Amino acid sequence: MSDTQRPLAKPTLQLENDRVIVTEWRFPPGGHTGWHKHMHDYVVVPVSTGELHIFDGKATVPAPLRAGVSYARQTGVEHDVINPNDFEFVFIEVELKP
C-alpha cells in the first residue's frame with residue numbers, strides 16, 4: 001500500500017501544559033502518521049499489543065510493542081509510523097517540554 005493510499009492515524013490531544021503534551025494516537029489497520037520530526041523528547045506508552053513499522057527514510061524496521069511497556073526517544077527523531085496489523089493500534093505519546 002502506498003503512503004497516499006494509507007489512512008492517517010488520528011491524534012487526540014489529551015493534555016497540554018507548560019511541561020508536557022499528551023496525545024492519544026489511534027491507527028486504523030494500515031494507517032500511518034505521515035513523515036514527521038519530533039521537536040521534544042518523548043515517551044510512548046502502548047495501549048495495544050502488536051507490531052508497528054518504523055520507516056526512517058531508508059528502511060522499514062518492525063517494532064514489536066506490548067501494552068503498558070513504555071519506551072523513550074530524544075528530540076530530532078524523523079520517521080513515519082505504520083500499523084501493519086489488521087486491527088486498530090493505540091498508544092499514548094507524552095512529549096516533554098524543555
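The values are calculated or read from the model by the stated rules, or taken from the named source; none is laboratory data. Quick caveat, the model's predicted, so the values are computed rather than measured. All Cβ positions, even for glycine, are placed from backbone atoms using ideal geometry, and neighbour counts span all protein chains on display.
Is it fair to say residue 94 is in contact with a Phe, Trp or Tyr (Cβ under 8 Å, 6 or more places away or on another chain), more than 14 Å from residue 47 (Cα to Cα) and at pLDDT 95 or above? It is false that residue 94 is in contact with a Phe, Trp or Tyr (Cβ under 8 Å, 6 or more places away or on another chain), more than 14 Å from residue 47 (Cα to Cα) and at pLDDT 95 or above. So for segment 65-80 (the condition being among the hydroxyl-bearing types (Ser, Thr, Tyr), more than 18 Å from residue 9 (Cα to Cα), in a strand (DSSP E or B) and out of contact with any Pro (no Cβ under 7 Å at 6 or more places or on another chain)), does at least one residue qualify? Among the residues of segment 65-80, at least one is among the hydroxyl-bearing types (Ser, Thr, Tyr), more than 18 Å from residue 9 (Cα to Cα), in a strand (DSSP E or B) and out of contact with any Pro (no Cβ under 7 Å at 6 or more places or on another chain), which makes the answer yes. For residue 53, which of the numbered conditions (1) in a strand (DSSP E or B); (2) in contact with an Asp or Glu (Cβ under 8 Å, 6 or more places away or on another chain) fails to hold? Result: residue 53 passes all but (2). So, of the residues in segment 34-50 that are outside any strand (DSSP E or B) and among the hydroxyl-bearing types (Ser, Thr, Tyr), which turns out to be surrounded by the fewest Cβ atoms within 10 Å (Cβ to Cβ)? Filtering segment 34-50 for residues that are outside any strand (DSSP E or B) and among the hydroxyl-bearing types (Ser, Thr, Tyr), the one surrounded by the fewest Cβ atoms within 10 Å (Cβ to Cβ) comes out as 49. Comparison of 49, 23 shows that the only residue that is modelled with pLDDT of 95 or more, among the hydroxyl-bearing types (Ser, Thr, Tyr) and within 11 Å of the chain's Cα centre (by Cα) is 23.
For residue 76, the conditions (1) in contact with a strand residue (DSSP E or B) (Cβ under 9 Å, 6 or more places away or on another chain); (2) loosely packed, with under 11 Cβ neighbours inside 10 Å; (3) of a type outside the set (Phe, Trp, Tyr); (4) on the phi < 0 side of the Ramachandran plot all hold with the exception of (4).
In the condition set (1) in a strand (DSSP E or B); (2) closer than 19 Å to residue 94 by Cα, residue 61 is compliant with all but (2). Taking the numbered list (1) over 13 Å from residue 33 (Cβ atoms); (2) more than 11 Å from the chain's Cα centre (by Cα); (3) not hydroxyl-bearing (Ser, Thr, Tyr) in turn, residue 78 passes all entries but (1). Taken together, 4, 12 contain a single residue that is at pLDDT below 95 and either surrounded by 15 or more Cβ atoms within 10 Å (Cβ to Cβ) or of a type in the set (Val, Ile, Thr) (or both), which is 4. Scanning segment 16-33 for residues that are free of Cβ contacts under 8 Å to residues at least 60 places away in the same chain and either surrounded by fewer than 12 Cβ atoms within 10 Å (Cβ to Cβ) or among the β-branched types (Val, Ile, Thr) (or both) yields 17, 33.
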